[in-house]
Amino acid sequence: MTELNYAAPDSLDAAVGMLADAGAGARILAGGTDVLVLLHGDLIEPELIVDIKNIPELTEISVEDGAWRIGAAASGMKLMDHEDFAAAWPGVIEGVALIGSVQVKGRASVGGNLCNASPAADSVPPLIAAGAMANIAGPGGKRDLPVEDVITGPGQTALEAGEMVVSFTFPKRPPHSGDCYLRLTPRTEMDIAVVGAAVNLTLDDGGTCTAARVSLGAVAPTPLLVEDAAAALIGTSVDDAALDALAAAASAACDPIDDKRGTIAYRIKTAGVMTRRAAETALDRARRN
Amino acid sequence: MASILENSGFNPDKELKIVGTNPVKQDGPDKVTGRAKFGADLILPGMLFGKILRSPHPHAVLKSIDTSKAEALPGVKAVVTRDDFPELPPGTPGGDLSRNVMAREKVFYDGHPVAAVAATSEPVAKRALKLIEVEHEVLPHVIDPVEAMQPGAPILHDHLRTKGVEGAEDTPTNIVERLDLAMGDTDAGFAEADVIVEREYDSKPMHQGYIEPQGCVADCNEDDQIEVWCCTQGTHVFRDRLADILRLDSSRIKVMQSEMGGGFGGKTGFYGEPLAIVLSKKARRPVKIVLTRNEVFRCTGPVSGTRSRIKMGCTKDGKIVAAEAELIFQTGAFTGSMFFNAPHAMFTRYALENIKTTAWEVVSNRPKVNAFRAPCVPQIVFGVEAIVTELANKIGMDELDFRLKNAATEGYTTLYGATFGPIGFVETLEASKETDHYRSPVKPGEGRGVAAGFWFNRGGDTTGSLTITPDGSVNIMLGTSDVAGSRVSISMMAAEELGVPLEKVRANFADTSAIGNNRVTAGSRTTFSSGMVIVDSARKAIDTMVERAAEIWGVSPEEVTFEDGHCRPASANVGDFEPLSIKDIASRTSVSHGAIAGHSEMNVTGEGPGFGVHIVDLKVDRGTGRVDVTRYTVIEDAGKAIHPLQVEGQYQGGAVQGVGWALNEEYIYRADGTLDNPSFLDYRMPVASDVPMIDTVIVEVPNPNHPYGLRGVGEVPVVPTLAAIGNAIGDAIGIRPQSLPMSPPKLLELMDGDETRAAAE
């Protein structure tokens, strides 16, 4: 019979120490909206649960010279209620807003959504499109990793034993920038993405796209950064031809599976549709700021 | 005196004070605040926790089960397997039921129970399950009913022979029954037709989707007297079937019902209860078993998936002249789909003279199906009403006028032999034409669908009692279940009869030892039937009070009348007596002839059939195939709405369940025959934001066989839904889908295929 122990350290060092000591038997508890479901479903049998919500830097939201930092365990509702962050990164908030019900978002965090490592995680494509960095702490010290490099496969991350994501940092936004995340699900909410599409773009004063990042969820073993799709926008006025090329590049980047949530053909086709729609909204937002 | 079944006393001109109003239902506040006690909520001293070991295979011979290691685990108090159940002959109702709750020779579906454990805690019980060693000989499996019908398909039950087919006696088969029903001459009918439409349809099993998983506590005492607390739509049926499969006298088992967290037909059969009883008997401790959602999806009854071919013809002036259908129903691993409902009901609402139907029931390696609102009917009406709309369109007639032209009326004799009394289909269709919804133009980019439906409604064995307490308040005892507001409606009828405020009347559930037998709460029968016996009981109590008043006044009972809750002299000639209230009379029982009560036991008849029409507007996303339902109106005849809000709730709930079934709900099986989506996350029932407010129109064409004119309203609201949505999608995209669910990938493929065809032309 294994015992389940619970710890709630109040410092990063203490948490990292516990995780390193416990090794594979430890699970991090942030909001618990994945871990507790797995636990009750008998899908995991951890020996130690490390609750990280008492560590101050894990839940802080701050901005320095236009560059935002959000704690990995800050709840979804905390982010959504943070008017300045929400105004700066509406696409990220669109992803966060789709993680379950209000009750679930009252607990669930972006760090947890990333580290659960689902290819369909809703907050991950907009983080990737934003160019966010994951700030990681571990027994070997601190390091930063682009968000697109964190998930390595379904349920798998690049985190080493004892490592944890502490926060995310976002680049400072130039003027005329906009982002958007759209998700396709059969239901309006409480569902898992069949396709998720995030687009983040910047225009110059003349309306030409100078920078773009495009990310897709649920169409491959990991969320994708689709450089060909971004390239279809850069240097254009994001006209119909560019959007067609964007949609085609998004569909071409898909490497999905047939499963209970969608077929290969359906995912490939709708990935283009959703990416195009996300780009249209991101464009509209960029033009308005 | 004529019985209430012969003379209901229905009076359309009676002034009603309580019936027809919307009081807060007595059980409502506890449900809203979470205090209501459901199946999982009972805790008894010394109670153990039961868990069930389930087959990971869809079809296998159970070679051996070794429970010794589980029994040795500290905290484990009992382990049971097939050896702990009486062996009943396979292919009999008891034999099938017994094998469904605990596998015997073979397992027949993913999740089929093979053993159960009772332990001092749930974690210990779960660990014990892992210590049970089961040796399976895995057999080929078959999930699809059409494949299961083919020669060479894996055979589930060696003893099964097709009923209704000559010469089938020697061949093992998965086809349980072939049922042929016909009236008139369809060949002659089709010969008169100017337009004939024939199409094929398929539907998928859909789960009842009750929010409360089945939960029970069984307690077998030292005298082998068994008490079972559970969430059930039929305490007496549970008791009698439990007694049957456990080979006990029914009087040995007392079943008590909890509040109902949704049933919809799915709680007319039991799953964990017999296992909890046998575990309790072995452990001599109370045992609780609460199913997980995973178990609910894998092992409790969905409705039948179907294949159908339907053909209908009409003349160019709009008369439907013939209808034919061939229907296949998958019943899961054991018979019991009630598939006969489909041929009985599918065309019934139109005054057809020529009908021919053939229906098949087929077993396959899936959980045994269970009832769901109008069992086996909505998924077939999906095709019928699509064709009705198509015929109307083809002859250029308004589709409600087309339905009106063919509507059945009083005196029509149905395919199943009943002749309609007063019914309200015409009134329902006319009310539909008058709705703002139907009269408003369809918004650009949207489609509109209309469909109609019918359900028999049911009566049957029902008992109840009503007691006047010494202070003049009233207790009702019911042997049926309250799945949807029957308690408040029945209390309202009793209060109306007795002339007392509703607050004076409380309705209670009787356990099975306290009251005579009741049929399950199903078929839209409970407010009708229990209402009938409680009104009858109230009238008996009134008769007693009249006798007591007569004795007090020294007059004959004929000289006393009862009105507004008081006994009064029938006329001025009787004498000058102050009216006696119920309390005045009831408080004197100890000096007169004892307590005042009425009880009634009857096989209730006279149910009035129900008819409904649904109108739906929706949008289809051309890029993704997603459907957004924008407007929905349900128009239905309730006979008389006792509590109109409860009736509206039935209409709305039926429509919402239909939206899920129509658009997204389906069982997805892996190639190995295991269920891939046993959770609410991936079994996509609609959430609140998926449906608009459902508008309702309550039509009232009274059923004179009932004292207050009511008809059942539980099933009709789901019958037209699938067809109405299918017709609306057809209107929106130009192609009417023939396969359920009409999910985004399927609709996108339909639209893309259409574009490809258009480009080719």
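Within region B:384-393, not a single residue is in a loop (DSSP other than H, G, I, E, B), touching a residue at least 60 places away in the same chain (Cβ under 8 Å) and of a type in the set (A, V, I, L, M). Restricting A:86, A:73 to those that are out of contact with any Cys (no Cβ under 7 Å at 6 or more places or on another chain), closer than 28 Å to residue A:224 by Cα and not in a helix (DSSP H, G or I) reduces the list to A:73. With respect to the conditions (1) within 14 Å of chain B (Cβ to nearest Cβ); (2) surrounded by fewer than 17 Cβ atoms within 10 Å (Cβ to Cβ); (3) of a type outside the set (Val, Ile, Thr), residue A:196 falls short on a single one, namely (2). Within region B:427-457, being surrounded by fewer than 18 Cβ atoms within 10 Å (Cβ to Cβ) and closer than 13 Å to residue B:612 by Cα holds for B:427, B:430, B:433. Taking each residue of region A:142-168 that is free of Cβ contacts under 8 Å to residues at least 60 places away in the same chain and looking for partners that are of a type in the set (Phe, Trp, Tyr) with beta-carbon atoms closer than 9 Å, six or more apart or interchain, yields A:147/A:168. Look at residue B:339 and say whether it is buried (at least 21 other Cβ atoms within 10 Å of the Cβ) and more than 17 Å from the chain's Cα centre (by Cα). For residue B:339, the condition - buried (at least 21 other Cβ atoms within 10 Å of the Cβ) and more than 17 Å from the chain's Cα centre (by Cα) - is not met.
Of the numbered criteria (1) within 14 Å of another protein chain (Cβ to nearest Cβ); (2) farther than 30 Å from residue B:715 by Cβ; (3) not in a loop (DSSP other than H, G, I, E, B), the one residue B:618 fails is (2). The C-beta contact set for region B:153-171 (first residue free of Cβ contacts under 8 Å to residues at least 12 places away in the same chain, second residue open to solvent by less than 50 Å² (accessible area, probe 1.4 Å), distance under 7 angstrom, 6+ apart or interchain) comprises B:168/B:162. Please indicate, with yes or no, whether at least one residue in region B:604-619 is more than 26 Å from residue B:8 (Cβ to Cβ) and free of Cβ contacts under 8 Å to residues at least 60 places away in the same chain. No - not one qualifying residue is present in region B:604-619.
Does at least one position in region A:212-220 carry a residue that is within 14 Å of chain B (Cβ to nearest Cβ), over 26 Å from residue A:289 (Cα atoms), among the hydrophobic types (A, V, I, L, M, F, W, C) and in contact with a Gly (Cβ under 6 Å, 6 or more places away or on another chain)? Yes, because at least one residue in region A:212-220 is within 14 Å of chain B (Cβ to nearest Cβ), over 26 Å from residue A:289 (Cα atoms), among the hydrophobic types (A, V, I, L, M, F, W, C) and in contact with a Gly (Cβ under 6 Å, 6 or more places away or on another chain). Looking at A:267, A:277, A:285, A:261, just one residue is under 22 Å from the mean Cα position of the chain (by Cα), among the basic types (Lys, Arg) and away from every other protein chain (no Cβ under 12 Å), and that residue is A:285. When residue B:27 is tested against (1) of a type in the set (D, E, K, R); (2) surrounded by 18 or more Cβ atoms within 10 Å (Cβ to Cβ); (3) over 27 Å from residue B:131 (Cα atoms), exactly one condition is not met: (2). Taking the conditions (1) under 30 Å from residue B:311 (Cβ atoms); (2) within 14 Å of chain A (Cβ to nearest Cβ); (3) open to solvent by 10 Å² or more (accessible area, probe 1.4 Å); (4) under 24 Å from the mean Cα position of the chain (by Cα) in turn, residue B:740 satisfies each one other than (3).
Filtering region B:675-702 to residues that are within 17 Å of residue B:632 (Cα to Cα), of a type outside the set (A, V, I, L, M) and facing chain A (nearest Cβ under 10 Å) leaves B:686, B:689, B:690. Summed over region B:705-761, residues that are at pLDDT 95 or above, among the β-branched types (Val, Ile, Thr) and in a helix (DSSP H, G or I) total 6. Among the candidates B:717, B:686, B:704, the residue that is under 28 Å from residue B:646 (Cα atoms) and surrounded by 24 or more Cβ atoms within 10 Å (Cβ to Cβ) is uniquely B:717. Every condition in (1) surrounded by fewer than 14 Cβ atoms within 10 Å (Cβ to Cβ); (2) in contact with a Gly (Cβ under 6 Å, 6 or more places away or on another chain); (3) aliphatic (A, V, I, L, M) is met by residue B:40 except one, and the failing one is (1). Entry remark, region B:659-669: residues being at the interface with chain A (Cβ under 8 Å from one of its Cβ atoms) and of a type in the set (Asp, Glu) number 0 in total. Taken over region A:175-190, residues that are away from chain B (no Cβ under 14 Å) and surrounded by 14 or more Cβ atoms within 10 Å (Cβ to Cβ) amount to 6.
Can you confirm whether region B:630-645 contains a residue that is over 22 Å from residue B:715 (Cβ atoms) and either more than 14 Å from chain A (Cβ to nearest Cβ) or modelled with pLDDT of 95 or more (or both)? Within region B:630-645, one or more residues are over 22 Å from residue B:715 (Cβ atoms) and either more than 14 Å from chain A (Cβ to nearest Cβ) or modelled with pLDDT of 95 or more (or both). Within region B:397-420, the set of residues being within 28 Å of the chain's Cα centre (by Cα), under 30 Å from residue B:437 (Cβ atoms) and in a loop (DSSP other than H, G, I, E, B) comprises B:408, B:409, B:410, B:412, B:414, B:420. Here residue B:672 meets the list (1) open to solvent by less than 50 Å² (accessible area, probe 1.4 Å); (2) away from chain A (no Cβ under 11 Å); (3) over 21 Å from residue B:264 (Cβ atoms) almost entirely, failing just condition (1). Can you spot a residue in region B:458-468 that is surrounded by 19 or more Cβ atoms within 10 Å (Cβ to Cβ), in contact with a Pro (Cβ under 6 Å, 6 or more places away or on another chain) and not β-branched (Val, Ile, Thr)? No, because not a single residue in region B:458-468 is surrounded by 19 or more Cβ atoms within 10 Å (Cβ to Cβ), in contact with a Pro (Cβ under 6 Å, 6 or more places away or on another chain) and not β-branched (Val, Ile, Thr). Just checking, which of B:399, B:385, B:390, B:361 is in the same structural domain as residue B:739 (by TED's automatic domain parsing), crowded, with 24+ Cβ neighbours inside 10 Å and not hydrophobic (A, V, I, L, M, F, W, C)? It is B:385.
Screening the candidates B:640, B:619 for the property of being surrounded by fewer than 19 Cβ atoms within 10 Å (Cβ to Cβ) and in the same structural domain as residue B:453 (by TED's automatic domain parsing) yields one hit, B:619. The residues of region B:134-173 that are surrounded by fewer than 13 Cβ atoms within 10 Å (Cβ to Cβ), over 32 Å from the mean Cα position of the chain (by Cα) and either under 25 Å from residue B:274 (Cβ atoms) or within 14 Å of chain A (Cβ to nearest Cβ) (or both) amount to a single one, B:135.
The values are calculated or read from the model by the stated rules, or taken from the named source; none is laboratory data. A quick note: this is a predicted structure, and the numbers were derived from the prediction, not measured. Every residue, glycine as well, gets a Cβ built from its backbone with ideal geometry; the counts of neighbours run over all protein chains shown. Surface accessibility is based on the protein's heavy atoms, side chains included, excluding ligands, DNA and RNA. Shrake-Rupley method; radii C 1.70, N 1.55, O 1.52, S 1.80 Å.
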